[in-house]
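One structure is given here, and the rest of the page talks about it.
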Amino acid sequence: MLLSPVVMVALLAAAPAPKSQPLTWKVTGSDVTFEMSSKDLRATRDGKEVFGLQSRKKDFLASVTEGVDATQDTSDWEAAQSFTVLSVVGPWVSYEDSNGGYTGGAHPYASRIYVTQDVTQGKDAFNLLDVFPEKDVLKALKADGYVRKYIGDDPKAFENAKTVEALLASLQAGEDCVGFEYGLDNVKRSVAFHHVEGDKVAVRISFGYAAEMCRGNMYVVGLLLPIPASLKPALERASTRQEGFLMKDAKAVKAPTVSFTWAGSKPKKP
């Protein structure tokens with residue numbers, strides 16, 4: 001039986017859209033498998049989750065309700081946290097952690113920062129200075145025009161710095177309130193891998209704020225670093241999206257953002 005074009009269009013319109021399948025890949029040389037959908041990014045080893053975003057909701061709720069009891073008026077309290085995936089290179093997941101709200105006290109709170117986590121190790125195991133020679137990171141920071149804007153009262157301390165820590169100590173926050181003075185951990189872990197440019201990789205490093213009046217601000221420095229031989233295979237697979245992806249492709253691969261919210265309430269009557 002032949003169907004008229006009108007009937008065929010109606011049938012097609014009524015048919016449910018196919019569900020998008022999660023993107024999965026196994027990290028070469030490891031037992032780590034990633035699964036990414038529009039709602040989550042998970043990493044498993046032997047079927048056990050070692051990294052996940054949706055599974056963080058319990059910890060989020062516990063952190064904002066700690067010490068709060070039912071007799072307390074929290075009707076003007078609120079909190080929110082979101083995680084936006086930026087890049088995945090080998091077992092390293094980079095994401096932006098944004099949180100803010102008001103849970104009592106003199107003022108609200110807010111922060112945004114990049115985080116890189118090695119899913120095969122502990123939370124703070126990743127260290128950019130273990131991946132790239134410190135001299136290369138130091139050289140790139142010294143050459144960066146944005147960083148140089150914040151050279152302090154002793155320019156020689158900046159130029160003569162032999163370590164990243166010494167260089168950061170020579171910088172001033174300026175009117176922009178950049179938190180360089182607390183930045184060594186940021187250089188180590190608050191990073192994402194943006195794109196490959198020849199034999200170098202563009203790395204983004206985020207810094208927080210230096211004073212409470214600047215809460216919620218995040219400052220990002222971009223560096224081009226020579227790619228160590230040990231990192232080339234993983235970066236190549238990420239840049240071609242065989243395993244993971246780089247920050248420049250995060251939108252194209254529909255990297256997820258996971259958000260949690262909480263709102264307070266009136267006290268319960270005795």
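The values are calculated or read from the model by the stated rules, or taken from the named source; none is laboratory data. Keep in mind that this is a model prediction, so the values were computed, not measured. All Cβ positions, glycine included, derive from the backbone under ideal geometry; neighbour counts span all protein chains shown. Accessible surface is based on the protein model in full, side chains and every heavy atom, while ligands, DNA and RNA are left aside. Shrake-Rupley method; radii C 1.70, N 1.55, O 1.52, S 1.80 Å.
Annotation: of all residues in segment 152-203 being part of a strand (DSSP E or B) and of a type in the set (D, E, K, R), the one that is nearest to ALA250 (Cα to Cα) is GLU197. Would you mind stating whether SER190 is surrounded by 14 or more Cβ atoms within 10 Å (Cβ to Cβ) and under 19 Å from TYR114 (Cα atoms)? Yes: the conditions hold for SER190. Of the listed requirements (1) within 20 Å of ASN186 (Cα to Cα); (2) out of contact with any Ser or Thr (no Cβ under 6 Å at 6 or more places or on another chain), ASP46 misses just one: (1).
Screening TYR146, TYR114, TYR182 for residues that are touching a residue at least 12 places away in the same chain (Cβ under 8 Å), surrounded by fewer than 15 Cβ atoms within 10 Å (Cβ to Cβ) and closer than 30 Å to ARG241 by Cβ leaves exactly one candidate, TYR146.
Just to check your reading of the model, which residue among GLU236, GLU243 is open to solvent by less than 50 Å² (accessible area, probe 1.4 Å), modelled with pLDDT of 95 or more and more than 25 Å from ARG148 (Cβ to Cβ)?
Selected residue: GLU243, the only one of GLU236, GLU243 that is open to solvent by less than 50 Å² (accessible area, probe 1.4 Å), modelled with pLDDT of 95 or more and more than 25 Å from ARG148 (Cβ to Cβ).
As for segment 72-87, it holds no residue that is more than 13 Å from the chain's Cα centre (by Cα) and at positive phi. Applying the condition of being surrounded by 15 or more Cβ atoms within 10 Å (Cβ to Cβ) and at pLDDT below 95 to segment 43-75 and asking which residue is nearest to THR116 (Cα to Cα) yields VAL64.
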